[in-house]
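Below is one structure, written out as structure tokens; comments come after it.
The values are calculated or read from the model by the stated rules, or taken from the named source; none is laboratory data. Just so it is clear, the model here is predicted, and its values are computed rather than measured. Neighbour counts run over all protein chains shown; Cβ positions are idealised from the backbone, glycine included.
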Amino acid sequence: MENPSTKHTPNVDIELENYSIIEKIGEGGYGIVYKAKQISTGQTVAIKILKFKEIPDQKSIKQQIARFDRETKLCAEINHPNIVKLLDKGFTANQEPFAVFEYISGQTLKDLITLHNGLSADETGVLMGQVLDALVAAHAKGIIHRDLKPHNIMVTQTGTRSHIKILDFGIGIFTHDFRTDDYKDITLTHEVIGTPAYSSPNS
């Protein structure tokens, strides 16, 4: 979950029990991600804190917290080497929900493609094979990502082999057979889901 272009100084206002914020490493439509250290173990982790959209009313706050909780449930359902692992979750001192993920040191697939002005057919095959393996595992659990794009795929190197991790199930959903009764209650209306450039034509 590291993207050097988005690094910032630490936010000292964030208070988390058992975690020490190191620096901000990313921000999306639904959350802000920080590099942090788990105090009890010394492990480096990535912490995503919910970022409320606009000026929310109580109903919107409830929906956004429920959606964030859904993301953690989606991640907790999957145990796969190519999907980022959820480690913990809780609330900040200001009652903002947060989720703790394994920290991935590397670069996004988007940055890798830009750096090398494209990828070879062999390298593309290796990476996409891992992406497909991860999606098969997610779909077997009834989970659809809904915002899969190069920005949400981290690439690390293990020796000479590239290894990917899929991030950000923030707008993911369970398929129809796996949905709970509150599905419609936590889906915000009048909202574009996903990134238009990477969405299917019928989205």
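Yes/no matrix, rows are residues, columns are (1) surrounded by 18 or more Cβ atoms within 10 Å (Cβ to Cβ); (2) within 19 Å of ILE164 (Cβ to Cβ); (3) small (Gly, Ala, Ser):
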site	(1), (2), (3)
GLN64	yes, no, no
ASP69	no, no, no
LEU109	yes, yes, no
GLY118	no, yes, yes
Of the conditions (1) in the same structural domain as LYS24 (by TED's automatic domain parsing); (2) modelled with pLDDT of 95 or more; (3) not charged (D, E, K, R), GLN95 satisfies every one except a single condition; which number is it? (2)
Conditions: (1) surrounded by fewer than 15 Cβ atoms within 10 Å (Cβ to Cβ); (2) in contact (Cβ under 8 Å) with a residue 12 or more places away in the chain; (3) of a type in the set (Ser, Thr, Tyr). THR92 meets all but one. Number of the miss? (1)
Qualifying residue in the stretch 121-131 (condition: closer than 30 Å to SER60 by Cα, surrounded by 14 or more Cβ atoms within 10 Å (Cβ to Cβ) and of a type in the set (S, T, N, Q)): no
For the stretch 26-46, which positions are out of contact with any Leu (no Cβ under 9 Å at 6 or more places or on another chain) and more than 18 Å from PRO97 (Cα to Cα)? ILE39, SER40, THR41, GLY42, THR44
Hits in the stretch 71-89 (condition: closer than 17 Å to ASN152 by Cα and buried (at least 16 other Cβ atoms within 10 Å of the Cβ)): GLU71, THR72, LEU74, CYS75, ILE78, HIS80, ASN82, ILE83, VAL84, LEU86
More than 24 Å from HIS139 (Cα to Cα), at pLDDT 90 or above and among the polar types (S, T, N, Q) - does that describe any residue in the stretch 6-16? no
Please pick out the residue among ASP147, ASP181 that is more than 20 Å from the chain's Cα centre (by Cα) and either in a strand (DSSP E or B) or at pLDDT below 85 (or both). ASP181
